[in-house]
Amino acid sequence: MTLPLALGPVRPVPLSSINPVAQLTAIAVLLPVLLVSGDLITPSVVLAAELCLLPAAGLAAPRALLARTWPLLLGAAGVAWVNVAFGEDGSGWLSALGLAVRVLALALPGILLVASTDPVRLADALTLHWRVSTRFAYGALAALRLVPLLATEWQTIRLARRARGVDGGRNPLAHLRLFAGTAFALLVGAVRRGSRLATAMDARGFDSGIPRTNARGSRLRPRDGLFVAGAVAACAAAVVLSVAVGTWEPIFS
């Protein structure tokens with residue numbers, strides 16, 4: 001089984017032209033509206049707007065979309081099931097659907113960002129536009145770069161154990177022990193790799209406190225402002241429609 005852990009677009013996609021800081025700003029605009037709204041219409045309208053961006057993020061193919069979103073779909077289904085199972089009134093299904101849609105609308109922008117943005121561009125944009133510490137930004141970038149490598153090492157450890165005849169067969173407890181052993185071996189390797197990476201970054205002056213220049217740069221263009229304005233318009237349309245229909249129900253009311 002291969003783990004789909006690509007952190008950026010395999011090839012440039014239309015959404016890649018939007019500055020990562022503009023995408024993060026749009027997410028910051030969506031979050032308060034989705035967290036405050038307690039109805040079904042508001043998150044549904046926002047989710048519909050987000051789904052329109054799937055082709056621009058290179059996720060139009062069902063297989064690519066499922067590879068990126070299956071944990072999100074499972075989480076939304078789990079939230080809905082818990083709400084239905086432990087709900088007390090007859091509107092449990094409607095409330096569960098609203099919660100599931102809200103979870104999808106909250107998490108999907110992050111998936112779009114990861115699927116369309118090169119992590120290097122994200123780190124550059126954060127340090128140049130939001131003045132994030134280079135030690136933090138590029139340390140996080142280096143950690144993200146290691147995720148696919150850890151996935152490869154996981155597969156290597158499993159295959160090596162299978163080649164030596166170590167297999168759980170049909171025994172679930174044996175599979176659990178093998179999983180725990182593989183996870184521990186991966187953890188030890190990750191700690192050692194992280195220590196070497198931290199030493200290498202300190203050797204390159206990331207802890208010196210001296211301002212660093214940036215060779216690639218990061219520019220904000222008019223289309224970035226239009227993208228954020230589109231997020232504001234989608235939120236405004238969702239709230240206005242919900243109020244007009246009479247379903248607007250803030251969670252703090």
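In terms of the mean number of neighbouring beta-carbon atoms within 10 Å, the peptides 109-118, 236-245 order highest first as 109-118, 236-245.
Measuring max minus min along each principal axis, the C-alpha atoms of segment 108-240 give extents of 60, 49, 20 Å (largest first). Note that the chain, at 25 °C in a medium of 0.890 mPa s, gets a Stokes-Einstein diffusion coefficient of 115 µm²/s from its Kirkwood radius over C-alpha pairs. Evaluated at q = 0.15, 0.16, 0.23, 0.25 Å⁻¹, the base-10 log of the normalised Debye intensity for segment 33-125, with identical point scatterers placed on the Cα atoms, takes the values -0.64, -0.71, -1.15, -1.25.
Beta carbons within 10 angstrom, averaged per residue: use that to sort the peptides 14-20, 201-207, 171-177, highest first.
Numbers: 14-20: 19.0, 201-207: 13.1, 171-177: 11.0.
Listed from highest to lowest mean packing, they are 14-20, 201-207, 171-177.
When only alpha carbons of segment 125-203 are considered, Rg and Dmax amount to 17.5, 54 Å.
Every read-out reported here was derived from the displayed coordinates using simple, explicitly stated rules and does not represent laboratory data. Worth saying up front: this structure is predicted, and the values here are computed from it rather than measured. For neighbour counting, all protein chains shown are included, and Cβ atoms are generated from backbone atoms with ideal geometry for every residue, glycine included.
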